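> I'd like to ask you about the structure that follows.
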Amino acid sequence: MARANDEMAALLEEYAALFAMTGGDAFRVRSYQKAARSIAGHPDDLRETDIRKIPNVGSAITGKVEEFLRVGTFHQLERLRAQVPEGVRAMTRIPSLGPKKAMALFEDLGIDSPEALAEAIRAGRLKGLRGFGAKTEANLLRGIEQLATAGGRVHIGVAMALAERVMADLPAAGRIAYAGSLRRMKETIGDIDILATGDSATLMGAFTALPYVTEVIASGAAKTSVRTDAGLQIDLRVVPEESFGAAMQYFTGSQAHNIRLREIAVKQGRKLSEYGLFEGSAVIASRTEEDVYEALGLPWVPPPLREDTGEIEAALRGELPVLVTEADIRGDLHTHTDLTDGVASIEEMVAAAAARGYEYYAITDHAPDLAMQRMTLEKALAQRELLPGLEKRHGLRLLHGTELNIAPDGSVDWPAEVLAGFDVTVASVHSHFTQSREEMTRRFIAACENPHVHVIGHPTTRKIGKRQPVDADWDEIFRVCARTGTVLEIDAYPDRNDLPADLVRRARGLGVKFSIDSDSHAVPHLANLRYGVGTAQRGWLTPDDVVNTWPADRLLAYLHGR
DNA sequence: GCCGTTTTCGGCCCGACTGTTTTCAGTCG
C-alpha cells in the first residue's frame, strides 16, 4: 500500500491554501504547512506510528489525520473545497495574484478561473474594483498567458546552464554566485537567484541588457527581476561585500529552513536578515555563511539539506551527515557507447573518463531484449576483448558491464552463465510502464532477487516534464534491496534524476546502498554526474552509502558476494 | 494550530518591490 504520509501532507497543504484564501488566521496557515512538512518527512507510515509524536502535529491535526486514515479526507477540508472553486485556487498561480486578490475577484465579480479572469479584464469588468488599476490588469493578462505557455519549472540541467551563462556574461567585479533552489540542487527550478557584489547600476544595467532577456519584471537598486526568452525568471541581487555570507544564507533558503534559523535568532534576543545577524544595531555575523551559522550555535549546513526536514535538529545535536561529494566518486557504473545507442566510441568515452580522474569505469551497453539496439552476445564479447588494451592506454580499470532490460515478469536478458561473465550489470525498466502497482512491485522484486543483477537503473523511469514515475510499492522494494544487497541507482541525467531525493532518503533509512551514475550516451554527459551527487546529498547520503565511492576491489567483492 | 530554560497564554521571520496608495496592502521569496 502507498505511504499515507505524502497524501496527507498534500491535503494539509491544500487546506492551508484554502484556509488562507477564506481569510483564515495566518499563523494557523503556517501551522498547517509546518505539519504537512513534518508528516511528509516522517520516516514511518502514518498508519504505523504514534501520530502525536510527530513534531508540529498537535491534537487538532491529529484529529484530521485520524479522519483521513478512516475515510481518505477530513471534513474541514471538504467544507472549504465546497466554498472555493478549484479554478479560484488556480488563479493564485498567476504571478502577482495572491489569495486576497483572487478571493476579491471571486466574491465581487464571480470570476472563478484564470480564463474567466482574462475575459473579464478584456471586457473591462474590473474597472473601479479596489486595488486593480491599469498596470495590474496588464500584468495579470501577461501572467495568465505565461501560465498557459511556459508552465513554470525546468529541470536542474536547464537552470544550471542558464545560471552559469548569466554569471559569465555579467561584468566581473566582486563576488558572484547562484543561490536559491539551484544551490540546494533541487531537481526542478522555478526561478534563478544570482547574488553579486559591486556597483549596482553597472551590474543591473548589464543584466537587463543581456540579449536573452525579454522582459524586466521589477527593478530596484537591490533587486532586479527579468524573464528570459526561455520563459525563466532570473533575479539578480546586488549585496554589500560585508554581508555577502548573510545574503547567500538568506537567498539560498529554503524559506522553511530560514524561518527556523530566524526563530533561533529571536530566542537569542537577536535578529537575522539578509544583511546579517544583529544584536540591537550591532552586526554579530554577516561576512560568511559559516560565521552566521556559528554565531547561531550551529555548524554550517550544506545547502542540499536546508529544507527543514530534520537538518536543524541534526545540526544542534552535532549529527549532520558528512555528505558524499563529487570528489568522492571513483568511477561511473552506467555508460553507453556507439555499439548501442551512444554517439561516441568506446575509446572516446574511456579517454574522457580517464580525463575526469576516475579509477574505474564501467561500459554498460544495452542487452539484446531492447531489440532496436541490435545487440548480440557476439558483439558484447568482442567489446570485452577491447578492454585490456584500453586499460593500458588510458591508465584506469575498466569494468565490462551491460544494461539489462527488466521484462514485465521481472526476468532479464541472457541466461545466468552469460550474466556471470560481466563485472557489473545494471537492470532497468524500459517499457510496460503502466502495469498495476502489484505487478510492477513483483517485477522489481524479481529483478532484485536475481543474483546476477547488481544495480537497478533509473528505478522510477520518470522523465521530468514528460513521463510520470511508474507506480510501485517502493518501501517494499527497498526492503528487498536491503536484504539482497541490490544497489539502487541515482541516474544523474538531469531530466531523470532518478531515484528522486525523497525516495533516496527513505531507502537509505531501510539500509539500501546506491550508485550515482551518469547514464552517458556522449562524452559531455559524463559531467552530468554532479546532478546525481546533488540528489544524493538531498537524500542525506554519505560516501559509505554510495558503492562507486568505494575502491574497485571492495566494490566488486560486494557486487559478486551477494 | 502549535509550543514552552522568561510563557499552558501569548507569542509566532524579515525585507524588497509594485501599484494604487496620500501612508499602505499585497505579493513574493
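> Calculate the tail of P(r) for region A:292-347: the fraction of all Cα-Cα distances greater than 12 Å, expressed in %.
On the way: 1143 of 1540 pairs.
Roughly 74 percent, rounded to a whole number.
> Still on this structure, I have one more. Taking only C-alpha pairs under 8 Å that are 6+ residues apart, what is the relative contact order of region A:4-149 in percent?
Computed value for region A:4-149: 20 percent relative contact order.
> Let me ask something additional. Tell me what chain A gives for mean residue ellipticity at 222 nm when only DSSP H runs of n ≥ 4 count, each as -39,500 (n - 2.57), the sum divided by the residue total, rounded to 500 deg cm²/dmol. Could you put the intermediate results ahead of the total?
Values: 23 runs with 245 residues, N = 562.
Helices in chain A give a 222 nm mean residue ellipticity of -13000 deg cm²/dmol.
> List the residues, sorted by chain then number, that are 5 or more residues from residue A:473 or on another chain and whose placed amide H is less than 5 Å from its amide H.
Residues meeting the amide H criterion: A:441.
> What distance in nm separates the two pseudo spin-label positions at residue A:69 and residue A:173, each 7 Å out from Cα along the beta-carbon direction?
5.8 nm
> I need to check one value: relative contact order of chain A, counting alpha carbon pairs closer than 8 Å and at least 6 residues apart, in percent.
On the way: 986 pairs, mean separation 53.2, N = 562.
Value for chain A: 9 percent.
> Under the rule of at least 5 residues apart or a separate chain, name every residue whose amide H is placed under 5 Å from the amide H of residue A:463.
Under 5 Å from the amide H of residue A:463 lie the amide H atoms of A:468, each far enough along the sequence or on another chain.
> With the dipole of chain A worked out from charges on the C-beta (+1 for Lys and Arg, -1 for Asp and Glu) around the Cα centre, which of A:266, A:234, A:315 lies farthest toward the positive end?
About the Cα centre, the residue reaching furthest to the positive side is A:266.
> Continuing with the same structure: Provide the per-residue ³J(HN,Hα) series for region A:409-421, in order, calculated from phi with Karplus coefficients 6.51, -1.76, 1.60 and θ = phi - 60°, each as a whole number of Hz, with x at glycine and proline positions.
Couplings: 8, x, 7, 10, 4, 6, x, 4, 5, 6, 4, 5, x Hz.
> Work out the P(r) tail for chain A: percent of alpha carbon pairs separated by more than 37 Å, whole number. Intermediate results must be reported in sequence, preceding the final value.
Numbers: 64721 of 157641 pairs.
Every Cα pair in chain A considered, those over 37 Å come to 41 percent.
> Given N residues in region A:326-560, what is its alpha carbon radius of gyration divided by 2.2 N^0.38 Å?
0.92
> Which entries in the list A:463/A:513; A:64/A:466; A:100/A:127; A:186/A:463; A:34/A:267 go over 26 Å, if you measure between the two C-alpha atoms of each? Walk me through the numbers on the way to the answer.
Working: A:463/A:513 23 Å; A:64/A:466 34 Å; A:100/A:127 18 Å; A:186/A:463 15 Å; A:34/A:267 19 Å.
Beyond 26 Å between Cα atoms: A:64/A:466.
> Kindly provide log₁₀ I(q)/I(0) values, in the same order as q = 0.25, 0.30, 0.31 Å⁻¹, from the Debye equation applied to equal alpha-carbon scatterers of region A:261-317.
Calculated log10 I(q)/I(0) at the listed q: -1.05, -1.33, -1.37.
> Right, another one. Can you give the charge dipole size of region A:303-418 about its Cα centre, rounded to the nearest 20 debye, using +1 on the beta carbon of Lys and Arg and -1 on the beta carbon of Asp and Glu?
Numbers: 10 positive and 22 negative charges, 99 e Å.
Its charge dipole is roughly 480 debye.
> Determine the per residue accessible area of region A:358-451 with all protein chains present and a 1.4 angstrom probe, expressed in square angstrom. Could the numbers behind the result be given before it?
Values: 4150 Å² over 94 residues.
Normalised by residue count, the accessible surface of region A:358-451 is 44 Å².
> On to the next question. Using the Karplus curve 6.51 cos²θ - 1.76 cosθ + 1.60 with θ = phi - 60°, work out ³J(HN,Hα) for each residue of region A:172-182 in order, rounded to whole Hz, and write x for Gly and Pro.
6, 10, x, 8, 8, 7, 8, 10, x, 5, 5
> Karplus couplings for region A:484-489 from phi (6.51 cos²θ - 1.76 cosθ + 1.60, θ = phi - 60°), rounded to Hz, Gly and Pro as x?
Once rounded to whole Hz, the list reads 8, x, 6, 8, 9, 7.
> With the contact rule set at Cα under 8 Å and sequence spacing of 6 or more, what percent relative contact order holds for region A:275-351?
On the way: 48 pairs, mean separation 9.8, N = 77.
Relative contact order of region A:275-351: 13 percent.
> Residue A:400's amide H: which non-local residues (gap 5+, or another chain) put their own amide H closer than 5 Å, with H modeled 1.01 Å from N in plane and none for Pro or chain starts?
A:423, A:424
> Right, something else. Roll a 1.4 angstrom probe over the protein heavy atoms and tell me the percent of accessible area of region A:289-340 that is carbon or sulfur. Show your work: numbers first, answer last.
Numbers: 980 of 1950 Å².
Here it works out to 50 percent.
> If you average the alpha carbon positions of region A:265-281 and of region A:472-551, how far apart do those two centres end up, in angstrom?
A separation of 39 Å, based on Cα centres.
> Just report the Cα centroid separation between region A:438-463 and region A:312-370, whole Å.
Here the answer is 20 Å between Cα centres.
> Determine the sum of side-chain charges near residue A:484: Lys and Arg each +1, Asp and Glu each -1, restricted to other residues whose C-beta is under 14 angstrom from that of residue A:484. Write down the numbers at each step before the final one.
On the way: positive: A:479, A:483, A:513, A:562; negative: A:449, A:476.
Around residue A:484, the charge tally is +2.
> Now for a different question. Summing Lys, Arg as +1 and Asp, Glu as -1, what charge do residues with Cβ under 10 Å from the Cβ of residue A:467 carry, residue A:467 excluded? Intermediate results must be reported in sequence, preceding the final value.
Details: positive: A:462, A:463, A:466, A:496; negative: A:495.
Its environment carries a net charge of +3.
The values are calculated or read from the model by the stated rules, or taken from the named source; none is laboratory data. Fair warning: this is a prediction, and the values are worked out from it, not measured in the lab. So basically every Cβ, Gly included, is an ideal-geometry build from the backbone, and we count neighbours across all protein chains shown. These accessible areas exclude ligands, DNA and RNA; they are computed on the full protein's heavy atoms, side chains included. Shrake-Rupley method; radii C 1.70, N 1.55, O 1.52, S 1.80 Å.
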